[in-house]
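Heads up, the thing below is written out as structure tokens.
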């Protein structure tokens, strides 16, 4: 298949058309009911544009060239018969045109309407959830930034920056182990050891395995 | 993406265009003209001239100035149209080695595609200068009525010029594309294309971006040069009467007449009369000089050329008739080609179609513009616009009895293909010769031979038992290929018709003689037997009643006539049966049947013995 530049999608479209080409003239042009000569012409023009090899000019078509040409010739044949009153009459006697799709009943319309509404609702709910998910993700990002800022400030002794970061963290994420731990460290630096211990203990409640928290409590109590 | 230019390779003038985002743009030559004369010359010093420069020096250098090469391209030396042109032109033509036409230019002979390639090369150069880049691909237009040999020769001219001719399209189709492209039209249009050398008419349906040619007709030897020729002939005749000197014998005088005739014709499109002044046109003796002075009126020109105009209208009628189209369905007429500037032509077209011709297309540039649009559509792989053209002539093979069996009829939309089963005409015929012909005559010799090949190694069998499938295919780009297959063995031969095989009509005539390796339309043996049996039965019956009938009606005037007719019918039928010719058997049946029923009536009415 190296001698052919067509994509897989283009090839499968051609193969689908070849299946249609096995059918009646009506199938080939996608006509139903009682189309006028102008309808037949329009359908033929549309199909021609799809399968005329000129559409792929400059591309290597390999075996698909003759296959496309055969599809075009097939559409032309269908057109020639269906556009001519006499020939069409004879052909339709043997191969009647497919019925056009039936008009839906009121019940079907109502059912379809209900289904459509439910689909809309589900879509709306999904969209809300997606938005919320996005929000929490953004918050997490912000919180992580604040945590690292607060840590850096505490390490360097910039208590003012640390305080502001811890305040924001406390406001937005009060029940977080990291918030409580950082708040404890700030209070400890400010000399408020009792309050600091309280925070450390609260942090330990949330995560007993955290080594930093445990170390801080030991530092303040001398044991535990 | 490579740019594809559009070239209108005309008989008298050529034009090149490129499609841009804003629409097609005609590219002007160095002199600033949008069209370039299709004239090639070689000066005394051996310099080659093309276009305006070549045309201008034509008077002083008539023998080495070639014009109208398009009228000779892809044609055989023997055809009457070529012979007529050869007798009229000032340059030297001769027969080429492949039964083609060669012209003498400078110090050597050139094949016609070589001459056309020089014009194409000039158009390529103009495009390259205007666009500032190398151009290697082109869409070239030809008259719709050109046959395959003429198209292939035009393609060859492109190749010699270093141009890949990606598509040959018909001039009227190109004009329709330029007229309707991007306008969202839903309309039936007629293109009336009267050029320098050829006349074409095409009828198209335009809708949803598809340009579908429904019918085409034309005459490749009807054009502006014929109008010039009429004026030349008139001037020559007048001069002859006055001075008893034939100006045609003087190449230089003839060239001056030709230029003056063309100029007068053009003048008469704008004014009602013009003066033709050719001083010193002839000097019969030393120191003696004769001048030619004539006034030509518009009415006189119409009188001289009216039959040419009427011929174009007859061709229009043919185009409608052959495709079974109604004149009234045509909603627009587009005039293409320089000749459509002639007021009488515009008037006659309006009379015939019953509608005023569309304004707004430039008759000299619209074809190149359309070719450029097609080039762009192809380059882009357009999914919105599509040209659906037709094959202009019947295409088929020669069958036994010197008949032309058509596989693809004229005006069939391409791409297309057609298969027919043929059989052998002689016992133990082990090969069949497939001669591919194109043309509209039932007589093969009057058509164009596109190529031939032999399918051999057929098994030895009685005539009529071998089945050979012959398939004709015309691809989207107009290339004809023919395949023959022995149904029993699957053995196949294929040719792609590329160029004239160079056979002479006399050779073709020899080939249509009897006992050649021909084929005939295949029919199932049972069918043939039935026909044969039926005719034999009819013959037995009529011969049975003949004595009785002749006894009754012989001697009357009516009777003698009827008996004579019956005898002829019987003779023919016997010959057909003896020759085992299926078609002849079928044909012979009717007359015998009629004679028999007449005789039966006679015997019942008159009682008989």
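Laboratory data are not the source of any read-out in this text; all were calculated from the coordinates shown. It should be emphasised that the depicted structure is a prediction, and the values quoted were computed from it without experimental measurement. All Cβ positions, even for glycine, are placed from backbone atoms using ideal geometry, and neighbour counts span all protein chains on display.
Using 0.36 nm per residue of separation minus the Cα-Cα distance, give me the extension gain between residue B:244 and residue B:288 in nm, one decimal.
14.4 nm
Using helices alone, I'd like the mean residue ellipticity at 222 nm for the protein assembly as shown: each DSSP H run of four-plus residues gives -39500 (n - 2.57), total over residue count, nearest 500.
On the way: 24 runs with 399 residues, N = 833.
Counting only the DSSP helices, I get -16000 deg cm²/dmol.
For chain B, max minus min Cα coordinate along each principal axis, in Å, sorted largest first?
94, 64, 51
Suppose R0 equals 30 Å. What FRET efficiency, 1/(1 + (r/R0)^6) with r the Cβ-Cβ distance, do residue A:15 and residue A:92 give to the nearest 0.05? Present the calculation step by step, with values, prior to reporting the outcome.
On the way: r = 28 Å, r/R0 = 0.94.
Once rounded, the FRET efficiency stands at 0.60.
Using a 7 Å offset from the Cα along the Cα-to-Cβ direction at both residue B:331 and residue B:380, what is the distance between the two label points in nm, to one decimal?
With each label placed 7 Å out from Cα toward Cβ, I get 2.3 nm.
Short version: what are the Cα gyration tensor semi-axes of the protein assembly as shown, square root of 5 times each eigenvalue, largest first, in whole Å?
Rounded to whole Å, the semi-axes are 76, 46, 26.
For chain B, what is the percent of antiparallel DSSP beta bridges, rounded to the nearest 5? Write out the running numbers ahead of the final one.
Details: 85 of 105 bridges.
Bridges in chain B that DSSP calls antiparallel: roughly 80 percent.
Between helix B:171-180 and chain B, what is the angle of the helix's C-alpha long axis to the longest principal axis, kept within 0 to 90° and rounded to the nearest 10?
Its long axis makes an angle of about 70 degrees.
Please list A:151-159, B:201-209 highest first by mean number of surrounding beta-carbon atoms within 10 Å per residue. Before the final figure, lay out each step's value.
Details: A:151-159: 14.1, B:201-209: 23.4.
Answer by packing, highest mean first, reads B:201-209, A:151-159.
Report, in whole Å, the centroid distance computed from the Cα atoms of segment B:314-366 and segment B:202-274.
Using only Cα atoms to place each centre, the spacing works out to 19 Å.
Can you compute the label reach from residue B:488? Point 7 Å from Cα along the Cβ direction, backbone N cut-off under 18 Å, restricted to segment B:423-438.
B:423-433
Hey, got the average number of other protein chain Cβ atoms within 10 angstrom for residues in A:67-80?
Mean number of neighbouring Cβ atoms from other chains: 3.
Kindly identify chain A as rounded, prolate or oblate by the Cα gyration tensor criterion: order the square roots of the eigenvalues as a ≥ b ≥ c, call it rounded if a/c is under 1.5, otherwise compare a/b with b/c, prolate if a/b is larger, else oblate.
Values: a/c = 5.73, a/b = 3.16, b/c = 1.81.
Verdict is prolate for chain A.
Within 10 Å of each residue's Cβ, count the other Cβ atoms and sort A:91, A:64 from fewest upward.
On the way: A:91 18, A:64 22.
Ordered from fewest to most neighbouring Cβ atoms within 10 Å, A:91, A:64 come out as A:91, A:64.
Residue B:572 versus residue A:205, label points 7 Å from Cα toward the beta carbon: distance in nm?
Distance between the two pseudo-spin positions: 12.1 nm.
Would you kindly calculate the translational diffusion coefficient of segment A:8-94, applying Stokes-Einstein with the Kirkwood radius from alpha carbon pairs, for 10 °C and a viscosity of 1.306 mPa s, and quote it in µm² s⁻¹ without decimals? Spell out each step's value before the answer.
Details: Rh = 13.4 Å.
Estimated via Stokes-Einstein, D reaches 118 µm²/s.
Please compute the average number of Cβ atoms from other chains found within 10 Å of each residue's Cβ in peptide A:48-56.
Values: counts 6, 9, 2, 0, 7, 4, 14, 8, 2.
Across A:48-56, the average partner-chain Cβ count within 10 Å equals 6.
For A:112-121, what's the mean count of beta carbons from other chains sitting within 10 Å of each residue's beta carbon? Walk me through the intermediate numbers first.
Working: counts 0, 0, 0, 0, 0, 0, 0, 0, 0, 0.
The shielding value for this peptide is 0.
Starting from the 7 Å offset along Cα-to-Cβ, what nm value, one decimal, do you get for the label separation of residue B:355 and residue B:56?
Roughly 4.3 nm, to one decimal.
Counting other C-beta atoms within 10 Å, which of A:160, B:20 has the fewest, and how do the rest follow?
On the way: A:160 8, B:20 12.
By the 10 Å Cβ count, ascending, the order reads A:160, B:20.
Would you work out if segment B:224-305 is rounded, prolate or oblate? Take a ≥ b ≥ c from the square roots of the eigenvalues of the alpha-carbon gyration tensor; rounded if a/c is under 1.5, else prolate when a/b is larger than b/c, oblate otherwise. Let's see the in-between values first.
On the way: a/c = 2.06, a/b = 1.89, b/c = 1.09.
The shape class here is prolate.
Please order B:550, B:312 by the number of other Cβ within 10 Å, starting at the fewest. Could you put the intermediate results ahead of the total?
Details: B:550 17, B:312 24.
Ranking B:550, B:312 by Cβ neighbours within 10 Å, fewest first, gives B:550, B:312.
What FRET efficiency, computed as 1/(1 + (r/R0)^6) with R0 = 25 Å and r the Cβ-Cβ distance, is obtained for residue B:83 and residue B:311, rounded to the nearest 0.05?
Computed FRET efficiency for residue B:83 and residue B:311 comes out at 0.80.
Mind pulling the angle between the C-alpha long axis of helix B:148-160 and the longest principal axis of chain B? Nearest 10 degrees, somewhere in 0 to 90.
40
In degrees between 0 and 90, to the nearest 10, how far off the longest principal axis of chain B does helix B:112-131 point, with axes built from Cα atoms?
Rounded to the nearest ten degrees, it is 50.
Normalising by the residue count of segment B:525-606, find the relative contact order in percent from Cα pairs under 8 Å and 6+ residues apart. All intermediate terms of the calculation are to be shown ahead of the outcome.
Numbers: 51 pairs, mean separation 33.0, N = 82.
The normalised contact order for segment B:525-606 reaches 40 percent.
Between residue B:541 and residue B:427, what FRET efficiency follows from the Cβ-Cβ distance if R0 is 25 Å, with the result rounded to 0.05? Walk me through the numbers on the way to the answer.
Numbers: r = 31 Å, r/R0 = 1.23.
After rounding, the FRET efficiency stands at 0.20.
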